[in-house]
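Notes to accompany the following structure.
The values are calculated or read from the model by the stated rules, or taken from the named source; none is laboratory data. Keep in mind that what you see is a predicted model, and the values were worked out from it rather than measured. Here the Cβ positions follow ideal geometry from the backbone for every residue, glycine too, while neighbour counts run over all protein chains shown. Ligands, DNA and RNA are excluded from the accessible area calculation, which covers all protein heavy atoms including side chains. Shrake-Rupley method; radii C 1.70, N 1.55, O 1.52, S 1.80 Å.
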Amino acid sequence: MKVKTILVSQPEPKMENSPYSRLIEKEKVKVDFRPFIHVEGVDAKNVRQQKIDLNNFTAIILTSRNSVDHFFRIADEMRFKVPDTMKYFCQSEAVAYYLQKYVVYRKRKIYVGKMNFVDITPLLKKYKNEKFLLPSSDVLKPIVPELLNSMELNWTRGIFYKTVISDLSDLRDVYYDILVFFSPSGIESLLKNFPDFKQNETRIAVFGNSTVNAATHAGLRIDIKAPTPDTPSMTMALQKYITTQNKK
């Protein structure tokens, strides 16, 4: 079946010339964006109940822009002035760049990984004597605590925000040729919102092994996977699939 409509379970990209824009232009498909999950911050009282005192830490491990936002939000709610000596260990350049929203970059001690959490571990090992805080959501990839524990770091996890399933009831009678998922939480949201969901001719596209596992466990048929050696991004995987299908 030809592909005409796609629903991506994420917010619409803010940059004008995103890969999705090029996909829309080249394949003449309609792409809608709708977050299947969203993030809600926990309050300072909740963080205190986790026995977290921001005065006790000398370094912050930041894995996402959400972790940046919610660390500084909690610091503000607790009236904690983040000291200039604080060290920031950012999982990627994108996270480090976003940190500039809150600190003067050139005046801070900022250490940056390449992309994945494992990339930042050599930097963390160099500073084993620091007291690390990991601001995170209630959903955390198992590899993160595993790696931190394996290095025997003095670290504490703080749940500063939570992943919440979005209300998608307005989509009940809307049909898309492809549904695109990037996390197990997105799959969970689909099934929570539509417990009677029947896939039929809907194609499912998934990104990452954990999302593949969640979709498979839910009994969904996976038609498009990324990343692969040929298609390292989701838009490339969609492009390849659509080109093949729409030629038939």
Report, in order of residue number, the helices in the chain meeting two criteria: a C-alpha extent of 15 Å or more along the helix axis, and a mean Kyte-Doolittle hydropathy of at least -1.0; treat each whole DSSP H run as one helix. 65-77, 234-247
Run through the range 95-145 and list the trypsin sites (Lys or Arg not before Pro) located in a DSSP loop whose Cβ has at most 14 other Cβ atoms within 10 Å. K101, K114, K128
Helix-only mean residue ellipticity at 222 nm for the chain, each DSSP H run of n ≥ 4 adding -39500 (n - 2.57), per residue, nearest 500: -9500 deg cm²/dmol
Calculated P(r) of the range 117-164 - Cα pairs past 14 Å, %: 52 percent
Using a probe of 1.4 angstrom, how much of the accessible area of the chain is carbon and sulfur, in percent? 50 percent
Beta bridge orientation in the chain: antiparallel %, DSSP, nearest 5: 15 percent
Most to least packed among 67-76, 14-23 [average Cβ atoms within 10 Å]: 67-76, 14-23
